[in-house]
Amino acid sequence: MTGSSRSDSASVRLEDGHGRRFEYLRLSLTDVCNFRCSYCLPDGYRKAKGAPANLSVDEIRRLVSAFAALGLWKVRLTGGEPTLRAEFLDIAAAVAAVPGVRKIAVTTNGYRLAARAQSYADAGIGAINISMDSLKPDRFHAITGHDRLNEILAGIDACRAAGIASIKLNSVLLKGLNDDELDDFIAFVVQHDLVLRFIEVMRTNDNPDYFAAHHLAGTFVANRLEGLGWQRQARQPGAGPAIEYANPHGPGRIGIIAPYSKDFCASCNRLRVSATGKLHLCLFGDAGIDLRPLLQRDGQQDELVERLQRLVATKAPAHLLHQGNSGATPHLASIGG
C-alpha cells in the first residue's frame, strides 16, 4: 500500500479530538544555528551531550510519506538553521518526491541565500521565509549577532530571480529594540511588494526576563495597520497562524503571529517533528514522542500511520502560555519554532 493510495480515501485524515484537521508539517532538520539572536540563542548554539543523530534522508522520506498518506500536503523545513544540514538539498528533493506533497517551504536566517537560492528552487522549494528583525544594519547586528543585513537583502533578490513563488519575511516584534521601525517596515513591504509577518516574542524556558522586558502584543501592529486603512484578509487553506492584512492602496501584505491572542490555537493546522524524530503536538507541549523506531523500514508505514492518528487525536485544545507554562521547550531553535 502506498502513501498515495491511503490519501485517496476521504475517511483517512489527520484530526484531533477538537475537530482540527492537520495538513501542515514543520520538520526540523537540525537544532544547530549559526546566528545568536537575542530572543533565541543569545550565547550561541551549544550541543547537548549525548544527543542522538539527526534523522537520515531515508527516515525523513518515510516520515513524510506517512503524513502524506493522511492528507498532509505542506511541509516546512526548519531548524535551527536548516540549510546548515549537509544533506539539505537531498532532503528537499526527497520530500518533493513524496506523493501528495504539494508545497515545500523553508524558514531560514538567510545564510548564503544569495548564492544558493537557485539550488533551493531546483530542489523543489517553492516558498521561503527569511528572518529579518531590523532594517538598520547596526541594529540587525545587535539582535542577531551578525552584520549580514545586506546579504539578506541580496538573498531576497536572488530568490525572486530563481523563481521562488512565495517569499516572506519574518520579524520578531521586540519592545524597545525594533518597535520604532514599524512604519519603516510597512514602507519597505509596499516598496518591494513583499509579505512580512511580525511575530510576538514567546516565553521559553531560558528567556523569562527577556520576554518580560521585550514582549509586545501583536495588537500594536494591528492597530497601526488598521489606522492606515489596511484590510484584514480571510485565512487561506494550508496557511500558518498569521492574521494577514493587505494594503488597499498598492502592493504588500503584513501578517501578525500572536500566540497570546484569544483563540490563537482554534485554527491550528500544523504539527512538528524534531530533527531527531520526535513528534511535538504543540510547540509548547511537555515532551516529544519518539517516532524513530517506526522509520527504519518502508514496510512500517501502516503502523506509523496508525500511531500518528492515535497520537494526534490526543492533542490538547490550546497551549498554556497564558499561565506562564511554555512546556519543555528550552528555546525556539530546539524544535523549529
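The values are calculated or read from the model by the stated rules, or taken from the named source; none is laboratory data. Note that the coordinates shown come from a computational prediction; the quantities given were computed from them, not determined experimentally. Note that we place each Cβ from the backbone using ideal geometry, even for glycine, and neighbour counts take in every protein chain shown. Ligands, DNA and RNA are stripped out before the accessible areas are found, and what is left, the full protein with its side chains, is counted by its heavy atoms. Shrake-Rupley method; radii C 1.70, N 1.55, O 1.52, S 1.80 Å.
General observations
- Think of the chain as a dipole: +1 on every Lys or Arg Cβ, -1 on every Asp or Glu Cβ, centred on the Cα centre; then among ILE152, PHE67, TYR45, PHE67 lies furthest on the positive end.
- Only protein atoms count toward the accessible area here, which uses a 1.4 Å probe; on the stretch 1-130, the carbon and sulfur part of that area reaches 48 percent.
- Accessible-area order (highest first, 1.4 angstrom probe) of the listed residues TYR245, TYR260: TYR260, TYR245
- Net length gained if the chain between ARG112 and GLN233 were fully extended (0.36 nm per residue, minus Cα distance): 40.3 nm
- Global geometry of the stretch 141-229, whether rounded, prolate or oblate, following the gyration tensor of its Cα atoms and the 1.5 cut on a/c: oblate
- Solvent-accessible surface of protein heavy atoms, probed at 1.4 angstrom with all chains present, puts LYS47, LYS168, LYS136 in the order LYS47, LYS136, LYS168, largest first.
- Within a Gaussian network of the chain (alpha carbon springs, distance under 10 Å), most fluctuating of PHE88, PHE220, PHE211: PHE220
- Cysteines, the chain, no other Cys beta-carbon under 4.7 Å: CYS33, CYS159, CYS265, CYS268, CYS282
- For the chain, size of Cβ-based charge dipole, Lys and Arg +1, Asp and Glu -1, in debye: 580
- Centroid-to-centroid separation of the stretch 185-262 and the stretch 72-150 [C-alpha atoms, Å]: 20
- For the chain, with +1 on Lys and Arg beta carbons and -1 on Asp and Glu, the positive-most of LEU279, TRP230, SER119 along the dipole: LEU279
- In the full protein context, the stretch 183-289 carries 44 Å² of accessible surface per residue, based on a 1.4 Å probe and ignoring ligands, DNA and RNA.
- For the chain, dividing the convex hull volume of the Cα atoms by the residue count gives 129 Å³ per residue.
- In a simple Cβ point-charge model (Lys, Arg +1; Asp, Glu -1; nothing else charged), the stretch 161-218 has a dipole of about 260 debye relative to its Cα centre.
- Heavy atoms of LYS278: accessible area, 1.4 Å probe, square angstrom to 10: 90
- Farthest toward the positive end of the dipole of the chain, out of ALA266, LEU291, LEU27, is the Cα of LEU291, where the dipole comes from beta carbon charges about the Cα centre.
- Under a Gaussian network description of the chain, with springs only between Cα atoms under 10 Å, the residue in ASP147, ASP122, ASP209 that fluctuates furthest is ASP209.
- Spatially close lysines, pair count over the chain: Cα under 21 Å, gap of eight or more or interchain: 12
- Choice from GLY240, GLY255, GLY80 with maximal GNM fluctuation in the chain (Cα, 10 Å cutoff): GLY240
- About its Cα centre, the dipole of the stretch 174-305 is roughly 300 debye, where the only charges are +1 on Lys and Arg Cβ and -1 on Asp and Glu Cβ.
- Heavy-atom surface analysis with a 1.4 Å probe gives the stretch 184-275 a carbon and sulfur content of 52 percent of its accessible area.
- Helix-only mean residue ellipticity at 222 nm for the chain, each DSSP H run of n ≥ 4 adding -39500 (n - 2.57), per residue, nearest 500: -8500 deg cm²/dmol
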